[in-house]
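I have placed the structure first, in the form of structure tokens, so that the comments after it can refer back to it.
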């Protein structure tokens, strides 16, 4: 099945979630993450602004900022993402593709991050992900340190046994969190 068809199928399923379902499932995923050693150990993390019924990250952002962790969000800069530090969720404003982006100017190199929370359309049980097709996150993840944890947030229905097409430039995740399970790919 081509990537475009897979993307369309899972985007439609995610779109069919009610706001109440999205909020409940997002709360469960974020709670799992906040209770994990991943969150406890991260001093400097990147989050994303959810769109199209993606798993929300706002609770994680608030907890991270309240506990003194440093937080960055991506902003589209041409064909790449640049990561800008925020001090409050109010620092996010409407940006490219209708995504909330940081308004600040404190650009942070990805090599300084301990953990990056990564969105996606569909994920597999080997740590691969399929995004929206523009490659923003794959390019960004190439810049991360090898010990930077790459954590996907997804709903259980977004996880398949294997994606049919994994390309050389695709970057695998370290961990995938859903409302029902945590898949760790670092020990594979």
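Just so it is clear, none of the values below were taken in a lab; they were calculated from the coordinates. Every value quoted in this text rests on a predicted model; they were computed, and no experiment measured them. As a convention, Cβ positions derive from the backbone with ideal geometry for all residues, glycine included, and neighbour counts pool all protein chains shown.
Things worth noting here:
- Relative contact order of the chain, defined on C-alpha pairs under 8 angstrom at six or more residues apart (%): 21
- Between 0 and 90°, nearest 10: helix 19-34 axis offset from the chain longest Cα axis: 70
- Remark: 84, 6, 182 ranked as 182, 6, 84, counting other beta-carbon atoms within 10 Å and listing the fewest first.
- Computed over the chain, the quotient of the alpha carbon radius of gyration and 2.2 N^0.38 Å is 0.95.
- Residue-averaged [θ]222 nm for the chain, counting only DSSP H segments that reach four residues, each worth -39500 (n - 2.57): -8000 deg cm²/dmol
- Helix 3-15 and the longest principal axis of the Cα set of the chain meet at an angle near 70°.
- DSSP bridge analysis restricted to the chain gives an antiparallel fraction near 55%, rounded to the nearest 5.
- The order of 100, 16, going from fewest to most other C-beta atoms within 10 Å of their C-beta, is 16, 100.
- Exposure proxy order (Cβ contacts within 10 Å, fewest to most) of 159, 55, 175: 159, 175, 55
- Anisotropy class assigned to segment 121-185 is oblate, per the alpha carbon gyration tensor with a/c at or over the 1.5 cut-off and a/b no larger than b/c.
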